[in-house]
Amino acid sequence: MSDTHNKEVDQISGVETTGHEWDGLKELNNPLPKWWLYIFYATVVWAVIYWVLYPSWPLVSSYTKGVLGANQRQEATAAYDKGVADRAQFADKIVAASLEAITQDQDLLQYALANGQAAFGDNCAPCHGSGGTGAEGYPNLQDDTWIWGGKLDDIHTTLLYGIRSDNDDGRFGDMPAFGADELLTREEINQVSNFVASRAGVETDADVDLAAGQVLYEDNCAACHGDNLEGIQEVGAPSLMSANYLYGNSLDDIKAQVAAPRNGVMPGWVERLDPATIKSLTVYVHSFGGGQ
Amino acid sequence: MSADTETHEGGHSEEWFASAKKIYPMATHGLFRRIKWTLLFITLGIYYFLPFIRYDRGPDAPGQAVLIDMEHARAYFFFIEIWPQEVYYLTGLLIIASIALFLMNAVAGRIWCGYLCPQTVWTDLFLWVERKVEGDRRERIALDKDPWTFGKIRKRATKHFFWLMIAWWTGGAWVLYFNDAPTLVWQLLTFQAPMIAYVWIGILTTTTYLLAGFMREQVCIYMCPWPRIQAALTDEKALNVTYRWDRGEPRGSLKHNKELAAQGMPAGDCIDCYQCFQVCPTGVDIRKGMQLDCIQCGLCIDACDNIMNKIGKPTGLIAYDTDENIERRIEGKEPVYDIVRVRTVVYAALIAFVGAIMLFTLLNRDFADISVLHDRNPVFVEQSDGSVRNGYTVRLSNKRRHTRAFMLHVEGMPPNTLVEAVGADSTFAGRPIIEVGPDTTREVRVLVSSPSWEKMPQSTPVTFRITESVMGEVVTTKDTFKAPGEP
């Protein structure tokens, strides 16, 4: 502003006015409070110091780096590496120890369970649920029903290589599509399904020849699912004795599965997770209570 | 309060804000001054040297008598070791402390403020330094007005140096309560101590230096809530530092009052010498009566008694007394001192009661603990054989300094119930035995399976009981067993 306007001095306070007036009220030109002004100057000085020390100004294809060389990506990487290094003392022992030995060592067990819980939440929970209770098509890991075996070594193998996965060492079971491939007629599927339902305690249709169903079962199913429907874990054929089926417990669900089975896929984790984490996961899943 | 009516009319400006006047307390001597020095030595002595007292707790435990070990979440006080979940002992101490404050107040006013409060004690120490370096009241007033000569700079620098030394030592002693004192002292000397130690020393050096060196009585008058509470708690029977105006008034110079007395006119014992005002660390004129600014340190009593001795009058013109007694003397009655009255007895009884509770809980303290957390997802699991399983996360605490084994039993379940603990060291009669290391906790996953869930309700109350293997110490906690049954 220039000095052209008349510097009017307020009579009462003795302070110069700015010349702004609203309905007779004039704005006093009091100076800014000193404490405020000095803090403002300090922030200006701080900003300049910051520009010199830290990354600040964007350039065309880069930015000013700052003389301290601060870099948050490097800090994060360093923190991650430190975390890995800190955990190495346990991770190395986990890798070296057998699965049974891990469950019998207080410290290793505690570490494996904690590590397993975290890894389970990150990798397994999307299909098996955060509590490991599964869903239709995704096995429940809490109960004692295991398709490929619930011993520590079985769980470990399944985790490492997966089921029907890309991995050559993966577990592979392939139930024939009795309906879609026309191996059985509609009536035969009806009979064998009712037979299985009758043994598992599921309500059956009224006028179905269960004896014929049993013959069909023995001819077509018993090779994998066993003579007494007990299942054979080596080939991944689940027990059919009780109605806790992966794809539903109603008669219709059974018929659907006989006619055109769905075969779920679990990835192998050997290429994705480190050996210590996979072992930790094994112990953690086993500790749910269903482990054998 | 200055009148400012002129401002609007006359148009001349006047400062609306007045800084607190600087106070130059004069040195005095006498009974209360000696009490204050004694208490200063005792309280600061405890504060500065307590961390160095050793106490043997065995090879794996810290050997410091008083220690708050944040890293391992333990607090030690000689033979007592407190875990974080036992912080209610601290609550008990705080309750006792506050009732003790009320009791002091009911007996003799602001004993805490005048003699024991850190603000008073450190201010006293800082004032002593100031007096040693710059001289007493008159010299300090003169020095403030002097121009900045070499001598003044030297005095000021010396004073602030010693103040900062005391302040630094105050902060330094504080951090020693949180770490092994000799180790930390060595680390501090060799600049290897953790950064947090330097930060806390810095903070407490600053606060001590500012509060005891500069803010002094303003802390008591403007910052501290206790004077306000104290004013509401006091009663007419409580002893307070009191000017006995019945004896002192009308005040006048020694000569003037002697003349008055000679003429048979009323003349008081107060010779208006202002000694009581000049020794006061908060700048109070006690002759105006009880007031918020007065911390009741008793120094004015000493100052007045010294004068009374010099002019040959009885001491006690200012003394610990009550307003009620002044009224009684005017009426010609004997003064009464009721230290034992309902209020003081109730406070003392409350202190004894809370203290007894704390002592009882301390003597009957459990050295083991169990906490149980029921699985939330899933709440229960149905097995292929029809049984139902519940999962729990159980944490056992062993507060002894040796490894102990605990047998876990779940009560309230049918007899054929199976109890397993993942990682249990062994079992006895189907009950898992879990070892817990010295002075630590251990978390185990406990699985409870019952084949007879169909007869059970949706929720069955159960009790988790751990029994220590050698001494048979038993601790229990309650939880539930969930089943898909009828509600």
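The values are calculated or read from the model by the stated rules, or taken from the named source; none is laboratory data. This is a predicted model, so every value here is computed, not measured. Neighbour counts are summed over all protein chains in view; Cβ atoms, including those assigned to glycine, are modelled from backbone coordinates with ideal geometry. The accessibility values were calculated without ligands, DNA or RNA, using every heavy atom of the protein model including side chains. Shrake-Rupley method; radii C 1.70, N 1.55, O 1.52, S 1.80 Å.
Most tightly packed first, judged by the mean number of other beta-carbon atoms within 10 Å of their residues, the peptides A:228-235, A:141-148 read A:141-148, A:228-235. Computed packing ranks the peptides B:215-222, B:362-369, A:191-198 as A:191-198, B:215-222, B:362-369, most packed first, by mean other Cβ atoms within 10 Å.
Taking all protein chains together and rolling a 1.4 Å probe, A:Tyr50 ends up with roughly 90 Å² accessible.
Excluding A:Ala243 itself, calculate the net charge of residues whose Cβ lies under 12 Å from the Cβ of A:Ala243, where each Lys or Arg counts +1 and each Asp or Glu counts -1. The answer is -2. A:Trp22 sits with roughly 150 Å² accessible to a 1.4 Å probe, with DNA, RNA and ligands left out of the calculation. Heavy-atom accessible area buried between chains B and A is around 1400 Å² (1.4 Å probe, both sides summed).
Using a/c under 1.5 as the rounded threshold, could you call segment B:313-353 rounded, prolate or oblate? The axes a ≥ b ≥ c are square roots of the C-alpha gyration tensor eigenvalues, and prolate needs a/b larger than b/c, oblate otherwise. It would help to have the intermediate numbers written out before the result.
Working: a/c = 4.40, a/b = 2.25, b/c = 1.95.
Since a/c reaches 1.5 and a/b is larger than b/c, the shape of segment B:313-353 is classed as prolate.
Please check which bits of segment B:100-120 a label hung off B:Phe41 would reach, taking the label as a point 7 Å along Cα-to-C-beta and the cut-off as backbone N under 19 Å. Hits in segment B:100-120 for B:Phe41 at 19 Å: B:115-117. If you take the Cα centroid of segment B:110-166 and the Cα centroid of segment A:1-64, the two points sit 41 Å apart.
Once the Cα atoms are used to define both axes, helix A:152-161 deviates from the longest principal axis of chain A by about 70 degrees.
Using the Cα gyration tensor of segment A:158-292, with a ≥ b ≥ c the square roots of its eigenvalues, what is the shape: rounded (a/c below 1.5), prolate (a/b larger than b/c) or oblate (neither)? Prolate shape, in that a/c is at least 1.5 and a/b is the bigger ratio.
The mean sequence distance of close C-alpha pairs (under 8 Å, at least 6 residues apart), as a share of the length of chain B, puts its relative contact order at 13 percent.
Comparing A:Ala88, A:Ala79, A:Ala237, which has the greatest mean-square fluctuation in the GNM of chain A with Cα pairs linked when under 10 Å apart? The residue that fluctuates most here is A:Ala79. Taking all protein chains together, B:Thr158, A:Thr282 sort by accessible area into B:Thr158, A:Thr282, largest first [probe 1.4 Å]. Each Lys and Arg contributes +1 and each Asp and Glu -1, all at the Cβ; summed about the Cα centre of segment A:152-292, the dipole is approximately 540 debye. Note on B:440-451: average number of Cβ atoms from other chains within 10 Å of each residue's Cβ is 2.
Relative to the compact-globule estimate of 2.2 N^0.38 Å, the Cα radius of gyration of the protein assembly as shown comes out at 1.51. Which net charge results for the neighbourhood of B:Leu176, defined as the other residues with beta-carbon distances under 14 angstrom from its beta-carbon, given Lys and Arg at +1 and Asp and Glu at -1? Once all neighbours under 14 Å are counted, the net charge is -1. Inter-label distance, A:Asp209 to B:Ala100: 9.6 nm, where each label sits 7 Å from its Cα along the C-beta direction. Put a dot 7 Å past the Cα of A:Asp10, heading toward its Cβ, do the same for A:Asp105, and the two dots end up 7.9 nm apart. Peptides B:270-280, B:68-78 ordered by packing proxy, namely the average of other Cβ atoms within 10 Å per residue, highest first: B:270-280, B:68-78. Only protein heavy atoms count here; under a 1.4 Å probe, A:Val45 has an accessible surface of about 90 Å².
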